[in-house]
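Sharing a structure, written as structure tokens. Questions coming.
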Amino acid sequence: MKAFYLLNGDPLNINTAQAAISDIINNSQPAPYTVEKIIEEVARTFGATSADIRSAKRSANISNARQVAMYIAREITQMPMEAIGKEFGGRDHSTVVYATQQVEIKLAKDSKMKSTVEDIIKNIRDR
């Protein structure tokens, strides 16, 4: 603010402060990544619905999609495991831990899965 005052001669007040930091604070920042957006994108990719991913269904496709969604939620939101579990139908944090571990194992072994997860993350970030 002092530099702003010295350069422009403006009085030191709230308007000067807002003008001084307007370059730092960008009001057009993208919305934060939400679990809902993540679930929608994973559901679209795996041919499921958001409700399926949050449900107790255990079919291989739904279970895999749910694990991927939990993994991505953890990776890009940095939410606590407990909060992620609640977003997925009230699951326990240990379920989220297990899901992320399983996806990490699959990513290390399966290049197609790695590519799919990377594409999902890219699509979420581009929105």
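Could you give me the ³J(HN,Hα) list for the stretch 52-69, computed from phi with Karplus coefficients 6.51, -1.76, 1.60 and θ = phi - 60°, whole Hz, x at Gly and Pro?
Couplings: 4, 5, 7, 7, 8, 4, 10, 4, 4, 5, 5, 4, 5, 4, 4, 5, 5, 4 Hz.
Could you order the peptides 112-121, 36-45 from most to least packed, using the average number of other C-beta atoms within 10 Å per residue?
Answer by packing, highest mean first, reads 36-45, 112-121.
A further question on this structure: Treat each spin label as a single point 7 Å out from the Cα along the C-beta direction, and report the LYS86 to ASP110 distance in nm.
Roughly 3.1 nm, to one decimal.
Right, another one. Relative contact order for the chain using alpha-carbon pairs under 8 Å, separation at least 6, rounded to a whole percent?
So the answer I get is 20 percent.
Determine the dipole magnitude for the chain: charges of +1 sit on the beta-carbon of Lys and Arg, -1 on that of Asp and Glu, nothing else is charged, the reference point is the Cα centre, and the result goes in debye to the nearest 20.
Value, rounded to 20: 460 debye.
For the chain, what are the per-bin percents of Cα-Cα distances with bins 10 Å wide, up to the bin holding the maximum?
12, 36, 20, 9, 12, 9, 1
Quick note: the coordinates plus some simple rules give every number you see, no bench work behind them. Quantities reported herein were computed from a predicted structural model and do not represent experimental measurements. All Cβ positions, even for glycine, are placed from backbone atoms using ideal geometry, and neighbour counts span all protein chains on display.
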